[in-house]
Amino acid sequence: MTVNEINPGGVPTHQFPYAQTLTLLRRVLAEPDAYGNDTYTDVSVQVHGCVVQPAGSSEVVNFTDQVSTDITVFIPYGTEVGPLDALVVNGTTYEIQGIPQQWRSPFSGHTSPLQVRASIVTGASV
């Protein structure tokens with residue numbers, strides 16, 4: 001897709017010139033376990049044209065030693081991403097937090113990329 005090309009949603013969009021390719025781990029419902037509980041399996045999908053921005057990090061040291069690191073990822077409009085999915089960025093797996101946001105300009109009709117929040121929590125907790 002090039003600049004001003006029509007995306008799968010049928011409206012104009014733009015690409016980032018220095019975007020990167022990420023792996024989306026799509027969580028898909030699998031067979032129930034022996035107790036009838038839902039289980040999931042990961043399906044890897046390569047997503048081109050993504051931008052990753054750091055979104056902060058925090059540390060909890062009260063009765064624990066835990067670090068949470070957040071990122072904001074911009075993914076091409078029309079990509080199917082859900083709150084159960086995960087993203088692999090430079091070999092690190094981040095869990096998607098919340099519902100990915102997408103919007104279209106009411107002035108130009110151009111679409112923005114999906115805005116996805118993701119985080120990784122490391123360390124121990126009590």
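Residues considered: 8, 12. Of these, the only one that is touching a His at 6+ places or on another chain (Cβ under 7 Å), surrounded by 11 or more Cβ atoms within 10 Å (Cβ to Cβ), under 16 Å from residue 102 (Cβ atoms) and modelled with pLDDT under 95 is 12. Of the listed requirements (1) in a strand (DSSP E or B); (2) surrounded by 14 or more Cβ atoms within 10 Å (Cβ to Cβ); (3) not aliphatic (A, V, I, L, M), residue 79 misses just one: (1).
Of the residues 72, 41, the single one that is part of a strand (DSSP E or B), out of contact with any Ser or Thr (no Cβ under 6 Å at 6 or more places or on another chain) and modelled with pLDDT of 95 or more is 72. Applying the criterion of being at pLDDT below 85 and in a loop (DSSP other than H, G, I, E, B) to the residues of segment 108-126, the residue that is nearest to residue 22 (Cα to Cα) is 112. Where residues in segment 82-102 are among the aliphatic types (A, V, I, L, M) and in a strand (DSSP E or B), which of them is farthest from residue 52 (Cα to Cα)? Result: 99.
Scanning segment 45-69 for residues that are part of a loop (DSSP other than H, G, I, E, B) and at negative phi turns up 61, 62, 64. The residues of segment 17-48 that are closer than 24 Å to residue 79 by Cβ and either touching a residue at least 60 places away in the same chain (Cβ under 8 Å) or among the polar types (S, T, N, Q) (or both), listed by number, are 20, 21, 22, 23, 24, 25, 41, 44, 46. Considered as a group, the residues in segment 93-102 that are surrounded by 12 or more Cβ atoms within 10 Å (Cβ to Cβ) and not aliphatic (A, V, I, L, M) include one that is farthest from residue 42 (Cα to Cα), and that residue is 102.
Answer yes or no: is there a residue in segment 44-51 that is under 12 Å from the mean Cα position of the chain (by Cα) and over 16 Å from residue 25 (Cβ atoms). Yes, segment 44-51 contains a residue that is under 12 Å from the mean Cα position of the chain (by Cα) and over 16 Å from residue 25 (Cβ atoms). Counting only residues that are over 13 Å from residue 85 (Cα atoms) and surrounded by 10 or more Cβ atoms within 10 Å (Cβ to Cβ), which one in segment 29-38 is farthest from the chain's Cα centre (by Cα)? Taking the candidates together, the pick is 32. Within the set of pairs 6+ apart or on separate chains, which have a first residue in segment 54-82 that is in contact (Cβ under 8 Å) with a residue 60 or more places away in the chain, a second that is buried (at least 16 other Cβ atoms within 10 Å of the Cβ) and among the small types (Gly, Ala, Ser), and C-beta atoms under 8 Å apart? Pairs that qualify, where the first residue is in contact (Cβ under 8 Å) with a residue 60 or more places away in the chain and the partner is buried (at least 16 other Cβ atoms within 10 Å of the Cβ) and among the small types (Gly, Ala, Ser), are 76/49. Considering only residues in segment 103-120 that are surrounded by 14 or more Cβ atoms within 10 Å (Cβ to Cβ) and among the hydrophobic types (A, V, I, L, M, F, W, C), the one that is nearest to residue 54 (Cα to Cα) turns out to be 118.
The values are calculated or read from the model by the stated rules, or taken from the named source; none is laboratory data. It should be emphasised that the depicted structure is a prediction, and the values quoted were computed from it without experimental measurement. Glycine gets a Cβ as well: all are built from the backbone with ideal geometry, and neighbour counts include every protein chain shown.
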